[in-house]
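Okay, so here's the structure we're looking at.
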Amino acid sequence: AQKITQTQPGMFVQEKEAVTLDCTYDTSDQSYGLFWYKQPSSGEMIFLIYQGSYDEQNATEGRYSLNFQKARKSANLVISASQLGDSAMYFCAMRRGRDDKIIFGKGTRLHILP
Amino acid sequence: NAGVTQTPKFQVLKTGQSMTLQCAQDMNHEYMSWYRQDPGMGLRLIHYSVGAGITDQGEVPNGYNVSRSTTEDFPLRLLSAAPSQTSVYFCASSNRVAGELFFGEGSRLTVL
């Protein structure tokens with residue numbers, strides 16, 4: 001089975017604080033990839049970061065890092081020094097290695113407070 | 001670069017009508033997919049394709065048909081629209097090597 005779980009429907013965080021958005025996944029494949037996307041209120045899907053299952057180091061892109069814990073099947077997104085513009089919906093997704101099927105979690109709505 | 005282009009952006013249908021959502025990409029991506037987004041449900045995979053002539057069902061395929069006759073195009077057909085198909089639809093594409101999934105701008109469909 002292929003499944004993505006995001007347990008935080010919504011979060012409120014003070015500006016400039018670090019944020020961790022949770023994502024756990026389930027797959028029987030050895031090869032897979034994990035994504036995070038941001039969807040602002042305007043509706044477009046913005047790619048943030050990608051981690052392959054065989055990547056030994058956690059992925060980082062600017063203020064975004066992916067805390068990949070393979071044994072726990074978790075792929076949490078960490079946003080350092082949050083900004084007001086980070087307020088958005090965030091989706092975790094997984095690509096299955098055998099056929100590239102990509103599924104998404106239900107998302108976490110992040111609110112950054114001034 | 002056009003990227004992933006979806007049309008139409010908005011559509012209102014009556015129950016029982018048919019329509020096709022068009023999706024085209026100009027990045028020579030093998031993988032293409034359709035998702036629907038509903039409040040509280042995230043993005044749910046409808047159908048996907050890993051190359052011309054190959055399609056497969058996603059999580060919520062009922063009521064939708066797809067075909068992939070070329071690498072560039074991946075249309076989504078609603079044969080008999082139902083109010084439950086009111087949603088925002090996203091087309092997306094990527095290459096088959098690890099990396100970014102590119103999205104279209106979305107199509108908002110309302111079925112009355």
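B:GLY51 falls short on exactly one of the conditions (1) of a type in the set (Gly, Ala, Ser); (2) more than 28 Å from A:THR7 (Cβ to Cβ); (3) modelled with pLDDT of 95 or more, and that condition is (3).
Scanning the range A:26-54 for residues that are of a type in the set (Ser, Thr, Tyr) and over 29 Å from A:LEU113 (Cα atoms) returns A:THR27, A:SER28, A:SER31, A:TYR32, A:SER53, A:TYR54. Contact map, the range B:48-66: residues that are polar (S, T, N, Q) paired with residues that are in a loop (DSSP other than H, G, I, E, B), Cβ distance under 7 Å, separation 6+ or inter-chain. Pairs shown: B:SER49/B:ARG68; B:SER49/B:PHE74; B:THR55/B:SER67; B:THR55/B:ARG68; B:ASN65/B:LEU79. For the range B:73-104, how many residues meet the condition of being part of a loop (DSSP other than H, G, I, E, B), within 17 Å of B:ILE46 (Cα to Cα) and in contact with a Gly (Cβ under 9 Å, 6 or more places away or on another chain)? The qualifying residues number 5.
Given the residues B:TYR89, B:TYR64, which is the only one that is more than 10 Å from every other protein chain (Cβ to nearest Cβ), among the hydroxyl-bearing types (Ser, Thr, Tyr), under 10 Å from the mean Cα position of the chain (by Cα) and surrounded by 21 or more Cβ atoms within 10 Å (Cβ to Cβ)? The unique qualifying residue is B:TYR89. Entry remark, the range A:47-74: residues being surrounded by 13 or more Cβ atoms within 10 Å (Cβ to Cβ) and in contact (Cβ under 8 Å) with a residue 24 or more places away in the chain number 10 in total.
From the list A:ILE49, A:ILE102, A:ILE4, A:ILE112, the one residue that fits, being within 14 Å of another protein chain (Cβ to nearest Cβ), of a type in the set (Val, Ile, Thr) and over 13 Å from the mean Cα position of the chain (by Cα), is A:ILE102. Being buried (at least 19 other Cβ atoms within 10 Å of the Cβ), in a strand (DSSP E or B) and in contact (Cβ under 8 Å) with a residue 40 or more places away in the chain is the requirement here; does A:ILE112 meet it? Answer is yes for this residue.
The values are calculated or read from the model by the stated rules, or taken from the named source; none is laboratory data. Keep in mind it's a predicted model, so treat the numbers as computed, not measured. Note: ideal-geometry Cβ built from the backbone for every residue, glycine included; neighbour counts use all protein chains shown.
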